[in-house]
Amino acid sequence: MAEHEHYEAIVVGCGPGGATAAATLARNGVETLVLERGVEAGSKNVSGGVIYAEDSAPYTIDDLFPDFREEAAERPITHNYIHNIAGEKVKTFDLTEIHEHDTEWADAVLRRRMDSWLETRVHEMTREAGGGVLTGVRANGLYRENGEIVGVTTDELEPITGDLIVAADGVNSELARDAGLMDWESPDEWFQGVKAIVDMPDGAIEERFDITEEQGETHLFSGDLYEGVRGGGFLYTNEDTLSIGNVFHLDSIVEERAEVVDLLDALLTHPLLAQWIGDDYEELEYSAKLVPDSKKVAHPSPTEDRLVLVGDAAGQMQAQGPLIKGMNHAATAGALVGEAFAVARSRGDTASAGERYVSRLYDEGVMAKIRPAVYDRSRAVTEHRRVSALTDGLIDTAIGRAGLDTMIRTGIVERLYNSPRMMQILPDTTTPYATLPTAIAKRHGERIEEESAVEPPTLEERIGELTYDTDIGNPHIVVEDESWEASGAAVTACPVSAKDFGGGCYREEVRSNGYEERVVSFDSQPCVECGTCAIVADTRWEHPRGGKGVEFKQG
Amino acid sequence: MHTVVLTKGVPDFREGQVSFDEDGHLERGKTPTVMNPNDKHALRAALQTKVRNGGQLSLMSMGPPGYGDVLGEGMETVYADDLYLVSDRELAASDTWATAITLATALEKVGEPDLVFAGFKTADGETGHTGPQTCWCLDWPIITHVIALDVDEDSRTVRAKRLVEGDIEEVETVEAPMPACIIADPEFTPSYRQASHRLTHKDLRAETEARAQDHEAHMTTWDHEDLNLDPDYIGLDGSPTIVSSVDPIPKAPAEREATMVEANDEEGMNEVLDAMTPFAAETSGAAGD
């Protein structure tokens, strides 16, 4: 057996899951090596993003990083709203109650700032325990001896072995896929998020949202502005920028052949947003990411040999109606891994760390939140095509309208939006995303008088503004089947491609070799590494080498 | 393990920095001094040794007091522990021979270095002699055109991959006992394939940042008396090289007419393509014959 460099724990990825795992391990004196593929932690990360600290969680991010809120976060979120939109009519509900349910605090964050701050802390802590954080190193697979997972392989270093391997390498985790724990098969198990960071003049956020510097807001958007694509929009206030974006069910994007960039522009240019964005639209960054639907893919037992998965890598991303929580669960899971290993090690049985971690996920109620059994039980009925068609149809009848009127008048709609249990069984159909909100807005909405002066940049300009260090001659994605049937969906679903745009990743092409053949052509250069085409096209998908590819400045 | 890198300050020959008088002579006063660009290969090799093998790393130069800043800059890039500057009016106008004698004497005074690194030539003199001559004075083995390096402290040997005749196509692996002198080739590629190497690298960077702020506190300056050098063997008197004359290289005449065309100027691009078509036709015609 070859001699390899060995650390007690190897953590892959320095986002919230990796950072809390590494910090907990280091606090317990475990020699921990953290491998981060970005030039700096946060340079590869995108989220909405609001991070929560739940009252019921055994660990929150500020438990492990006490100065987190002051140093790494943007604004505390104090007000929450959902806007139901039908054309220019809008009906707004207050969602503050459900956001405050089980919430100790919630802060808006930008990931470059947040994760790079975490990286510095984690490096200090892990270095003291004999390890440290290395950036620009991409773990590309698991290292096995006699069929057992004992370490990781990377593009940059010799194989490294560890007693514990934490895959905190995000939604497109190559380690989870190497272990056979996660796949990229079904679009209905994923959401796709697309976001713009919008620059705001000094004091504009306080003025336009009527809040103080210590307050912040989240706004959610649903209704008919997305042409029937299932999903919704969001707007979060940062310190001096806004995060504005959409999250859609990936299967719906594929079915509707929706241009996701157009859907973002539909939100940005809606008159409702004019009051906040103002006349001068300056976009700082365009980004995208896949979001696992934990109701369906949160792994029930995210461990194999010495490997454990945390955060997005394990599908631990809770998206239930207006509740979108991922980073907090990653942080909790990371801390539980660290603790599980420390206990296992003190008993001289490091091999039991994975099992201990999984039972803690259940004992602490994490699994119940991210993969509620009630959703599995109810979806057979609520997501049944005929039931969905019936409710959609009913809403548009006299009885439906009368019922809806009563529900709104008596505050039932607002109460339902604010009911955690209701949100757990919310079906993934068009009813809650489009039909119902549109019907509500049509009959009860107020017409927005303001006009939008927002002119979003073109996709070409958006790509042009991004920073890339292209690994020339070494594309990280290879299209294995370029036929339209296999990979055509990527032309519209890929956030940096569009049907009539020649400068994106995926382009439609008609080849004539005696007969006409509709195919896709591909260029990995503009890739934002979201992983969409790993699911909707036939590709061999990997991340770029350490430090290569796109570099998000905001995230 | 003690490693010393020899470096030199040279005029900044980059466009916009360098200035010449009417006769084409370099105006030293108006041209900033920078570290010899070719020394960066030596620095990369020395840094690899420092990161992978640890120990003390010193930077050494000979020249006017102003070279201290060049050494300070080098300290930051190579994470040096200390700096040595040999500076004395008596040393002015030394050729490579006199410089080699001076540097060899200084290296002996530093202590007992295990490895000495030198750049493969300077951007001003371009001789590539000083490193090898210094090594010859010390009577150490020398390995030139090194592209990869491994130091084994236990057996006190250094193993190097080098380009034979400076040719990238032909690579040989050689070994030498330490102490030895290494001349790094521009093709030198440091190798940090262990996580521990990269962690050490980070530690050193943080450590050096603080030290480089105050590099003068870590600098030792010697004159010829400190080194006990006979003035007859150093400086101009000790330099057998005679430079008879320097001729400026005449600029190639460039009087062809040029028309600038923007890439998005469709009409202009069409004209370019029209103008090029006859040449393309000629080539394809020739290929067809």
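Computed values, structure above
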read-out	value
Residues that are over 18 Å from A:Leu33 (Cβ atoms), open to solvent by 40 Å² or more (accessible area, probe 1.4 Å) and either assigned to a loop (DSSP other than H, G, I, E, B) or away from every other protein chain (no Cβ under 14 Å) (or both), drawn from segment B:191-208	B:Ser191
Selection within segment A:28-43 - more than 14 Å from chain B (Cβ to nearest Cβ) and either touching a His at 6+ places or on another chain (Cβ under 8 Å) or among the acidic types (Asp, Glu) (or both)	none
Selected residue (only one of A:Tyr286, A:Tyr281 is in contact with a helix residue (DSSP H, G or I) (Cβ under 8 Å, 6 or more places away or on another chain), open to solvent by 30 Å² or more (accessible area, probe 1.4 Å) and modelled with pLDDT of 95 or more)	A:Tyr281
Matching residues in segment A:368-388 - criterion: being in contact with a Ser or Thr (Cβ under 9 Å, 6 or more places away or on another chain) and either of a type in the set (Gly, Ala, Ser) or modelled with pLDDT of 95 or more (or both)	A:Ser388
Every residue from segment A:456-482 that is farther than 25 Å from A:Val229 by Cβ, open to solvent by 30 Å² or more (accessible area, probe 1.4 Å) and of a type outside the set (Val, Ile, Thr)	A:Gly464, A:Glu465, A:Tyr468, A:Asp469, A:Gly473, A:Asn474, A:Pro475, A:Glu480, A:Asp481, A:Glu482
Only one of A:Ala41, A:Ala139, A:Ala129, A:Ala108 that is under 15 Å from A:Ala330 (Cβ atoms) and either touching a Gly at 6+ places or on another chain (Cβ under 7 Å) or small (Gly, Ala, Ser) (or both)	A:Ala41
Sole exception among (1) away from chain B (no Cβ under 14 Å); (2) touching a residue at least 12 places away in the same chain (Cβ under 8 Å); (3) outside any loop (DSSP other than H, G, I, E, B) for A:Glu206, by number	(2)
Single residue of segment A:145-183 satisfying the filter (closer than 22 Å to A:Ala333 by Cβ, within 14 Å of chain B (Cβ to nearest Cβ) and not aliphatic (A, V, I, L, M)) that is nearest to the chain's Cα centre (by Cα)	A:Gly151
Subset of segment A:44-67 [under 22 Å from A:His123 (Cβ atoms) and surrounded by fewer than 24 Cβ atoms within 10 Å (Cβ to Cβ)]	A:Tyr59, A:Thr60, A:Asp62, A:Asp63, A:Phe65, A:Pro66, A:Asp67
Residue pairs meeting the criteria (Cβ under 7 Å; at least 6 apart or on separate chains; first more than 22 Å from B:Ala217 (Cβ to Cβ), in segment B:34-60; second part of a helix (DSSP H, G or I) and not hydroxyl-bearing (Ser, Thr, Tyr))	B:Val34/B:Val70; B:Val51/B:His197; B:Val51/B:His201; B:Val51/B:Leu204; B:Arg52/B:His197
Neighbours by Cβ (under 7 Å, 6+ apart or cross-chain): first from segment B:272-286, open to solvent by less than 80 Å² (accessible area, probe 1.4 Å); second at pLDDT 80 or above and not small (Gly, Ala, Ser)	B:Val272/B:Val261
Within segment A:1-27, considering residues that are part of a loop (DSSP other than H, G, I, E, B) and closer than 14 Å to A:Val122 by Cβ, the one farthest from the other protein chains (Cβ to nearest Cβ)	A:Gly15
Residue within segment B:256-269 that is part of a loop (DSSP other than H, G, I, E, B), open to solvent by 80 Å² or more (accessible area, probe 1.4 Å), within 14 Å of chain A (Cβ to nearest Cβ) and at pLDDT below 85 present	yes
Hits in segment A:267-278 - residues which are open to solvent by 10 Å² or more (accessible area, probe 1.4 Å) and either without any contact (Cβ under 8 Å) to a residue 60 or more places away in the chain or in a loop (DSSP other than H, G, I, E, B) (or both)	A:Thr269, A:His270, A:Gly278
Subset of segment B:75-93 [among the charged types (D, E, K, R) and either closer than 12 Å to B:Val5 by Cα or open to solvent by less than 30 Å² (accessible area, probe 1.4 Å) (or both)]	B:Asp81, B:Asp82
Residue count, segment A:358-378 (criterion: farther than 15 Å from A:Tyr59 by Cα, touching a residue at least 60 places away in the same chain (Cβ under 8 Å) and part of a helix (DSSP H, G or I))	3
A:Thr218 being among the polar types (S, T, N, Q), under 18 Å from the mean Cα position of the chain (by Cα) and within 16 Å of A:His83 (Cα to Cα)	yes
Residue in segment A:117-134 that is most open to solvent (accessible area, probe 1.4 Å), counting only those that are facing chain B (nearest Cβ under 10 Å) and out of contact with any Cys (no Cβ under 8 Å at 6 or more places or on another chain)	A:Arg127
Test: residue in segment A:32-46 that is out of contact with any Phe, Trp or Tyr (no Cβ under 8 Å at 6 or more places or on another chain), aliphatic (A, V, I, L, M) and not in a strand (DSSP E or B)	yes
Qualifying residue in segment B:215-237 (condition: within 14 Å of chain A (Cβ to nearest Cβ) and open to solvent by less than 70 Å² (accessible area, probe 1.4 Å))	no
Some residue of segment A:178-200 being outside the structural domain of A:Tyr81 (by TED's automatic domain parsing) and open to solvent by less than 10 Å² (accessible area, probe 1.4 Å)	no
Criterion: in contact (Cβ under 8 Å) with a residue 40 or more places away in the chain and surrounded by fewer than 20 Cβ atoms within 10 Å (Cβ to Cβ) - qualifying residue of A:Glu355, A:Glu339	A:Glu355
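Yes/no matrix, rows are residues, columns are (1) in contact with a Leu (Cβ under 6 Å, 6 or more places away or on another chain); (2) modelled with pLDDT of 95 or more:
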position	(1), (2)
A:Glu100	no, no
A:Glu124	no, yes
A:Gly136	no, yes
A:Ile149	yes, yes
A:Arg177	no, yes
A:Trp190	yes, yes
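Yes/no per residue for (1) at pLDDT below 90; (2) more than 14 Å from chain A (Cβ to nearest Cβ); (3) more than 22 Å from B:Asp82 (Cβ to Cβ):
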residue	(1), (2), (3)
B:Thr173	no, yes, yes
B:Phe188	no, yes, yes
B:Gln213	yes, yes, no
B:Ala254	yes, yes, yes
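The values are calculated or read from the model by the stated rules, or taken from the named source; none is laboratory data. The model shown is predicted, which means the values in this text are computed figures rather than measured ones. When we count neighbours, we look across all protein chains shown, and the Cβ atoms used for this are built from the backbone with ideal geometry, even at glycine. All accessible areas refer to the heavy atoms of the entire protein, side chains included, with ligands and DNA or RNA removed. Shrake-Rupley method; radii C 1.70, N 1.55, O 1.52, S 1.80 Å.
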